[in-house]
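Some notes on the structure that comes next.
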Amino acid sequence: MARVLVVGGGLAGCSAALALADAGWQVTLVEKRTSLGGRAASFQAPGWAQPVDTSQHVLLRCCTHLVRHYQRLGVAEQITWHDRLPLIAGNGQRGLFRAWPWPAAPPLHLAPGLAALPGLTPRDRLCLALAFQRMLLVGRRYRELESITFQQWLGRTTSATLDRTFWRLLLTSVLNAGASQIAAAAGIMFFLEGLLRHRDGFQLGVPQGSLHDLHDTATRAALQASGVVLRLGTHARLPLAAGRLTEWDAAVCAVPWWQVARVVPELLPAPTVRGRSTGWPELQPASLVGVHLQFAEPVLREPLLGLLDHAVDWIFARDGGRHLSVVVSAAVDWAGLSPTAMATRALAAVRGVLGDLPPPLRTAACRETRATFIPAPGLTAHRPGPRTALPGVYLAGEWTATGWPSTMEGAVRSGHAAAAAILDRPIGPPDLPRQGLARIYLADP
Ligand SMILES: Cc1cc2nc3c(=O)[nH]c(=O)nc-3n(C[C@H](O)[C@H](O)[C@H](O)COP(=O)(O)OP(=O)(O)OC[C@H]3O[C@@H](n4cnc5c(N)ncnc54)[C@H](O)[C@@H]3O)c2cc1C
């Protein structure tokens, strides 16, 4: 039986390991931490009975590889799907982002959601309509828009209010960077392929339990049931002699871009900074903040709330509304704050929306400085594919050339792509089918 070593127990490594084990390979997975999940994990915060997530992770219906991965793990039922997203603007006005349900509707399925966006002037709405119209006209040629930023591409079809509200909540929440930082191609890709391809693509999936339940407990069980040998708490370096693997038929390096040099130094260019390789210098990290506030009584009735023009972006209600999980994307101005200071700032923001809440029983906060990478102009050319110059050595990780932003979906796609390259056959489900006019604007040029 062919033997493969997978290094990295995040979603990329685990999805590759499962696909290869399912294809009959003998798989060993090495992870340096004592638990699986990588960046999509939970941690034990002081005073909390259960692990809390580093930050609330969510997915969209268009994340077909991630959904298939959850089905494979047997946890797909633990994702709650929301097709109505309550929003609240800085002026307190509320709205409900939702879609028309008919299959023939795209792109008009989002019309009721866009019309109900709170806190916008008629001019803002006109700008938004024009921006969406331009996206439809660009269609699949969006991939050519790599050298300018999304902000430059928007040009006059945006406004200061839209920048602070709609683009911030939808674009920055998903890509974890501002419109002036990301390539136009990356921004348009999200709207066209994610939201405007299929009437259900925008639906938001929220795990009911913790990331630990999904990405450690359930994943560990599925891997072990498939015969994958797990070596946790072990730092790996690929065994190579004269550029060839010595003990394995293949190996997948599924670690973040800044850690590849430790696992396969042979893959990287000469050391660049103070004798150390910087990995892929074109990939710039972006931070994300997650704050947890636990109260004695329920304080939020809605399951989630999107905040337009506030200091925090999303609030998710857990434990029947007693536990608020607060997310801040592209959290540059939260740098240097202690967990207590982050919790205080988040609580003040939440009180600004929900009114005078009682003091929380306990809080926890985490700022991940390298949560994601910024899909900056020109980056696509620097994201490597799964095949490398070293025979039998493959790369995975959300930062590789998946065509997707730095997300769990990107990670699973990369794991499937590495397994597909090894097995020499496609792995994973198709994208959601194109509905309505998406058959025209998403046709290949
Ligand atoms: C706070 C936060 C919030 C986020 N929110 C979302 C969200 O809502 N939705 C979404 O889709 N995405 C979100 N993301 C992004 C998502 O978590 C990541 O894109 C994804 O988990 C990356 O998976 P990966 O397997 O590619 O890499 P990682 O998860 O980084 O996994 C790599 C693994 O390799 C291991 N490793 C490294 N070096 C070695 C070595 N030498 N030997 C053995 N093991 C090694 C690491 O310990 C790690 O476990 C968020 C990320 C963060 C941090």
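The values are calculated or read from the model by the stated rules, or taken from the named source; none is laboratory data. Quick caveat: nothing in here was measured; it's all calculated off a predicted structure. Because the Cβ atoms are built from the backbone with ideal geometry, glycine has one as well, and the counts that use them run over all protein chains shown. Heads up: the accessible areas ignore ligands, DNA and RNA and are worked out on the full protein's heavy atoms, side chains in. Shrake-Rupley method; radii C 1.70, N 1.55, O 1.52, S 1.80 Å.
Relative to the 2.2 N^0.38 Å rule of thumb, region 15-79 has a C-alpha radius of gyration ratio of 1.34. Here the relative contact order of region 388-437, from alpha carbon pairs under 8 Å that lie six or more residues apart, stands at 26 percent. Overall shape of the chain was characterised from the C-alpha gyration tensor. The equivalent ellipsoid obtained from it has semi-axes of 35, 27, 21 Å, in decreasing order. Could you tell me the ratio Rg/Rh of region 97-202? Both radii from Cα atoms, Rh via Kirkwood. Radius of gyration relative to Kirkwood radius: 0.93.
Remark: region 285-373 carries a charge dipole of roughly 220 debye about the Cα centre, counting +1 on each Lys and Arg Cβ and -1 on each Asp and Glu Cβ. When both bridge partners sit in the chain, DSSP labels roughly 70% of those beta bridges antiparallel.
What separates the Cα centres of region 159-174 and region 175-229 is a distance of 20 Å. Averaged over residues, the count of other Cβ atoms within 10 Å places the peptides 379-390, 193-204, 31-42, 424-435 in the sequence 193-204, 31-42, 379-390, 424-435, highest first. Taking only protein heavy atoms and a 1.4 Å probe, the accessible area of region 285-373 is 52% carbon and sulfur.
Ligands, DNA and RNA are left out, and with a 1.4 angstrom probe the accessible area of the chain is 42 Å² per residue. Normalised by the number of residues in region 285-373, the average gap of Cα pairs under 8 Å and 6 or more apart makes the relative contact order 45 percent. Which distance in Å, rounded to a whole number, links the C-alpha centroids of region 54-123 and region 14-48? About 28 Å separates the Cα centre of region 54-123 from the one of region 14-48. Working note: 222 nm ellipticity from helices only, DSSP H runs with n ≥ 4, each -39,500 (n - 2.57), summed and divided by the residues of the chain, gives -7000 deg cm²/dmol to the nearest 500. In this simple spin-label model, placing a label point 7 Å from the Cα along the Cα-to-Cβ direction at both Gln224 and Ala160 gives a separation of 5.8 nm.
In a simple Cβ point-charge model (Lys, Arg +1; Asp, Glu -1; nothing else charged), the chain has a dipole of about 360 debye relative to its Cα centre. Taking all protein chains as they are arranged and a probe of 1.4 Å, the heavy atoms of Ser414 leave approximately 0 Å² accessible to solvent.
Start at zero, step by 10 Å, and the Cα-Cα distances of region 288-393 spread as 14, 39, 22, 12, 10, 3, 0 percent across the bins.
Do any trypsin sites (Lys or Arg not before Pro) in region 200-269 lie in a loop, going by DSSP, with at most 15 other beta-carbon atoms within 10 Å of their beta carbon, and if so which? Taking region 200-269 and a limit of 15 other Cβ atoms within 10 Å, the loop trypsin sites (Lys or Arg not before Pro) found are Arg237. Relative to one another, the C-alpha centroids of region 383-398 and region 131-151 are positioned 29 Å apart.
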